[in-house]
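Enquirer: Shown below is the structure under consideration.
The values are calculated or read from the model by the stated rules, or taken from the named source; none is laboratory data. This one's a predicted model, so the numbers in the text were calculated from it and none came from an experiment. Backbone-built Cβ (ideal geometry, glycine too); neighbour counts: all protein chains shown. The accessibility values were calculated without ligands, DNA or RNA, using every heavy atom of the protein model including side chains. Shrake-Rupley method; radii C 1.70, N 1.55, O 1.52, S 1.80 Å.
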Amino acid sequence: MRKKLIAVLMTACMALSFAACGSKSTGGENSDKKQITVGFSQVGAESDWRTANSKSMKETFSEANGYKLIFDDAQQKQENQISAIRNFIQQEVDYIVLAPVTESGWDTVLKEAKDAKIPVIIVDRMVKVSDDSLYTAWVGSNFELEGKKACAWLDAYLKANKKDTSEINIVDIQGTIGASAQIGRTNGLEAAVKEHSNWNLLAKESGEFTQAKGQEVMESMIKQYGKKINVVYCENDNEAFGAIDALTTAGYKVGKDGDVIVMSFDSTNAGLTDVTSGKVILDTECNPLHGPRVKEIIDKLQAKQSVDKQQYVDEEIFAADDTVKSVTVDGKEYKVTATTKDVISKRAY
Ligand code: AHR
């Protein structure tokens, strides 16, 4: 009888310890809930923007908040992202979050995730898939709108400076070819060039969203077009830093009263610092703080609530001065902020 009682007690103990294992308490905001495992495939660490984005994800999906984050840096290679997703599936994570390097090439691996019944949340850039049910939700920027806002500002700025009838020669240092951020920003510029008979797009080439490549591309554009260049349209801040280095080393004066103006995207702290000094004339924001946005989607899915399939983030425009107060794109007005140190100090990245 005593032996029987001991056996019953032991079985009960084992059952309890298994239950405790399945609902690991973390002491964080999910403390009474099961720890949620998130596999995050990050593009890489190519830019200041990306560093801020990784930080936002790591801070949000911390152990203290009740998550286990498996973070994979793909070093800007799609094949690394595909292997990371396959590993996440093998590890039976609860959610897969993908920041895709380019838009295409995801159908097969996302189908594998779907078959494994793991929800996939796409963040930042978009994916182009034949079947939208291959991902659960997307949150990120409207990159084409960013490009249109930047070009609407350039148009207004040239008008205000009575240069709207002069020939304006532009070079485009593009982002990673095939990434939504590149496609949208390049499209925005090309559409504006078509609308302005005096705007010429002299050249476009990828700077891979990095400072080193941005500098290299600018050096070769200087060799080819020299003083003809009036506007350098950089598709992110790090490319702008590289382009400015190349221009100043070649003896060009950058800025409002100089030989050439540099435009950029992202509005990181370092980018906006160059806006206050006038080295960058305009920085159109691309907001990287996606951690809390992805968490909100996961919270809703956990609560079995519906989520928006696509969510665009609101973004600002920062100029070196207040020549242009606002721009209108597709019938909507967007305020332009004249950048000061105070403006930068209120920003988180
Ligand atoms: O997809 C967002 C872009 O990727 C940012 O503009 C850039 O800095 C990053 O590398």
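Enquirer: Restricting attention to region 259-280, which residues are within 24 Å of Glu167 (Cβ to Cβ) and either part of a helix (DSSP H, G or I) or near the ligand (Cβ under 10 Å from one of its atoms) (or both)? Before you say what the answer is, go through the steps one by one.
Expert: The initial filter retains those residues of region 259-280 that are within 24 Å of Glu167 (Cβ to Cβ), namely 259-264, 278-280.
Matches in region 259-280: Ser264 only.
Enquirer: Which numbered condition in (1) surrounded by fewer than 17 Cβ atoms within 10 Å (Cβ to Cβ); (2) at pLDDT 95 or above is the only one that Val275 fails?
Expert: The number of the failed condition is (1).
Enquirer: Oh, and also: Would you check if Asp172 is away from the ligand (no atom under 13 Å from the Cβ), modelled with pLDDT of 95 or more and either hydrophobic (A, V, I, L, M, F, W, C) or out of contact with any strand residue (DSSP E or B) (no Cβ under 9 Å at 6 or more places or on another chain) (or both)? Step through it out loud before you land on a result.
Expert: Values: away from the ligand (no atom under 13 Å from the Cβ): yes; modelled with pLDDT of 95 or more: yes; either hydrophobic (A, V, I, L, M, F, W, C) or out of contact with any strand residue (DSSP E or B) (no Cβ under 9 Å at 6 or more places or on another chain) (or both): no.
Answer is no for this residue.
Enquirer: Anything in region 126-159 that is under 19 Å from Arg50 (Cα atoms), assigned to a strand (DSSP E or B) and aliphatic (A, V, I, L, M)? List them, or say none.
Expert: Across region 126-159, the qualifying residue is only Val139.
Enquirer: Okay, moving on. May I ask you to list the residues in region 186-208 that are closer than 16 Å to Gly147 by Cβ and either part of a strand (DSSP E or B) or open to solvent by 50 Å² or more (accessible area, probe 1.4 Å) (or both)? Working first, answer last.
Expert: At the first step, the residues of region 186-208 found to be closer than 16 Å to Gly147 by Cβ are 186-196, 199, 201, 204, 206-207.
Within region 186-208, Asn187, Glu190, Lys194, Glu195, Trp199, Leu201, Lys204, Ser206 meet the criteria.
Enquirer: Here's something else I'd like to know. Go through region 106-128 and count every residue that is farther than 19 Å from Val38 by Cβ and either surrounded by 18 or more Cβ atoms within 10 Å (Cβ to Cβ) or modelled with pLDDT under 95 (or both).
Expert: Going through region 106-128, the residues farther than 19 Å from Val38 by Cβ turn out to be 107-108, 111, 115, 126, 128.
Within this subset, residues satisfying the condition of being either surrounded by 18 or more Cβ atoms within 10 Å (Cβ to Cβ) or modelled with pLDDT under 95 (or both) are 126.
Residues meeting the conditions: 1.
Enquirer: Separate question: Given the criterion within 23 Å of Phe318 (Cβ to Cβ), open to solvent by 20 Å² or more (accessible area, probe 1.4 Å) and within 18 Å of the chain's Cα centre (by Cα), identify the matching residue among Gln174, Gln211.
Expert: Details: Gln174 fails: open to solvent by 20 Å² or more (accessible area, probe 1.4 Å).
The unique qualifying residue is Gln211.
Enquirer: Which condition from (1) open to solvent by 20 Å² or more (accessible area, probe 1.4 Å); (2) acidic (Asp, Glu); (3) in a helix (DSSP H, G or I); (4) within 25 Å of Ile168 (Cβ to Cβ) is the one that Glu296 breaks?
Expert: All conditions pass for Glu296, except number (4).
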